[in-house]
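Have a look at this one before I ask anything.
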Amino acid sequence: MTSRRGFLKAGGLALFGIGLGGVPTFVAKAAEMVKAPGLFQRRKTLVCIFQRGAMDGLMAVTPFNDEYLKVARPTLFMSAAKGSSNKPLIDLDGRFGLHPSMSAFESVFRDGRLAIVHGIGSPNNSRSHFDAQDYMESGTPFNKGTASGWLNRAVGLLGHDAATPFQAVSLTSSLPRSFYGDEPALAINNLQDFTLSMRGNPMAANMAAKSFEELYDQTSSDLLKETGKESFEATKMLKQIDVKNYKPANNAQYPNSSVGNALKQIAQLIKSDVGLEVAFAESGGWDTHFNQGTENGIFARNVNDLSESIMAFWTDLGTYQDDVTLMTMTEFGRTVHQNGTGGTDHGRASCNFILGNDVFGGKVHGLVDALANENLEDGRDLKVTTDFRSVFSEVADRHLNIHKDNILFPDWKGNHIGMMRG
């Protein structure tokens, strides 16, 4: 009989709320085991948030003494000087200032638990959202044919089989590119609306047009047939952790937003000890071509939502903080010069945030040269001085104890930058 792991690999299982039915019995039975105390060993968890649309790193974390930037952004430049009519940037180190709408991050930065990497990006200079996201999520910026995502490969390098279907979970409506691959992963849009779908191979290609029973009838797998013929019981899987009545700890207040709700559910899974090791969430709306704003506007709203959501998550974790590292990513940055509609266009480098007790925080890592035209990539963009793989691999190595960079990021032979402790 095929093993659960083999079945998940064969079917490319993803679970999410689309109203297609319930959960196969083998998954429900695995979830029921949560009732047994200490069943799942408490493990380290990596949480990744993809900021889709390309965040303007120069506005999130501004080199506020750079006169070239001030000239390049006559209406978008923000100052750290106090006493003006506008809200000042939060001075982090005398050179870089955090956007005032990200004030929630200040305390963990000062405490040394939040690190910022500036000048981070892909060595591939594509300014296509689709291509750049695909390259970043596959972890192979010059190979469009890579079948797996880097987080899926990370799961495969953890050194043990999953004792739980919750080992790798994306709180999204569909499985992200980062989780494509041979290792089992779930995509759950909402823990209260937990149903099943499939993706990833020819057997499941037409799942949207066929019932699960029909799909099961087409396979020779004894387990798959047995599973499909049994009733689907969607609620059984998560009833044991009382999803509906979850109350965040320590008075944590999550924004009622996509990323806020996702992180709230990730916190619930972590604290329920269901064996979660890699989690994924998304934040959208970062493509600020028009009316980007400064202390107010779309960018300010986005960074406020992101930072408040992350800090609510961190507060909610309580004693689980030692087990968790959270990292943001975005496909590229924005142009140094603002455009004619009060926005910024597709650029190259941006910045990202890494939060955790094993992070070398309280510092802006990376290299950002003076933003004179001669220092800009193609005369317009912040140069990529830190390959995203050097950061992603360091986080995976230090936090998840993965030490096979050649598998995690094939064809990359770079170095870590020292933003993780240990």
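Give me the distance in nm between label points sitting 7 Å out from Cα along the Cα-to-Cβ direction at residue 372 and residue 245, one decimal.
Result for the modelled spin labels: 6.6 nm.
Which shape class applies to region 313-396: rounded if a/c is under 1.5, otherwise prolate when a/b exceeds b/c and oblate if not, where a ≥ b ≥ c are the square roots of the Cα gyration tensor eigenvalues?
Working: a/c = 2.98, a/b = 2.09, b/c = 1.43.
Since a/c reaches 1.5 and a/b is larger than b/c, the shape of region 313-396 is classed as prolate.
Using the beta-carbon distance between residue 86 and residue 42 and R0 = 60 Å, what value does 1/(1 + (r/R0)^6) give for FRET efficiency, to the nearest 0.05? Please list the in-between numbers first.
Numbers: r = 46 Å, r/R0 = 0.77.
It comes out at approximately 0.85.
Using the basic label-point model (7 angstrom from Cα toward the beta carbon), what is the residue 416 to residue 380 distance in nanometres?
So the two model labels end up 3.7 nm from each other.
On to the next question. Please compute the length gained on full extension between residue 144 and residue 174, using 0.36 nm multiplied by the number of residues separating them and subtracting their Cα-Cα distance. Intermediate results must be reported in sequence, preceding the final value.
Values: separation 30, 0.36 × 30 = 10.80 nm, distance 2.02 nm.
Full extension of this stretch gives 8.8 nm more.
Assign one of three labels to region 291-359, namely rounded, prolate or oblate, based on the Cα gyration tensor with a ≥ b ≥ c the square roots of its eigenvalues; rounded applies when a/c is under 1.5, prolate when it is not and a/b is larger than b/c, and oblate otherwise.
Oblate shape, in that a/c is at least 1.5 and b/c is the bigger or equal ratio.
Enumerate the amide H contacts of residue 186 below 5 Å, restricted to partners 5 or more residues apart or on another chain; note that Pro and chain-start residues carry no placed amide H.
Those qualifying (amide H under 5 Å, at least 5 residues apart or on another chain) are 168, 169, 170.
Over 30 Å between C-alpha atoms is what I'm after, so list which of 87/271; 44/244; 264/363 land there.
Pairs exceeding the cut-off: 87/271.
Based on the Cβ-Cβ distance of residue 75 and residue 160, what FRET efficiency does E = 1/(1 + (r/R0)^6) give at R0 = 51 Å, to the nearest 0.05? Don't skip to the answer; put the middle values down first.
On the way: r = 54 Å, r/R0 = 1.05.
The computed FRET efficiency comes out at 0.45.
Computed from the coordinates by the stated procedures, all read-outs in this text should not be read as laboratory data. Note that this is a predicted model, so its numbers are computed, not measured. A quick note on method: Cβ atoms are made from the backbone with ideal geometry, for glycine too, and the neighbour counts reach across all protein chains shown.
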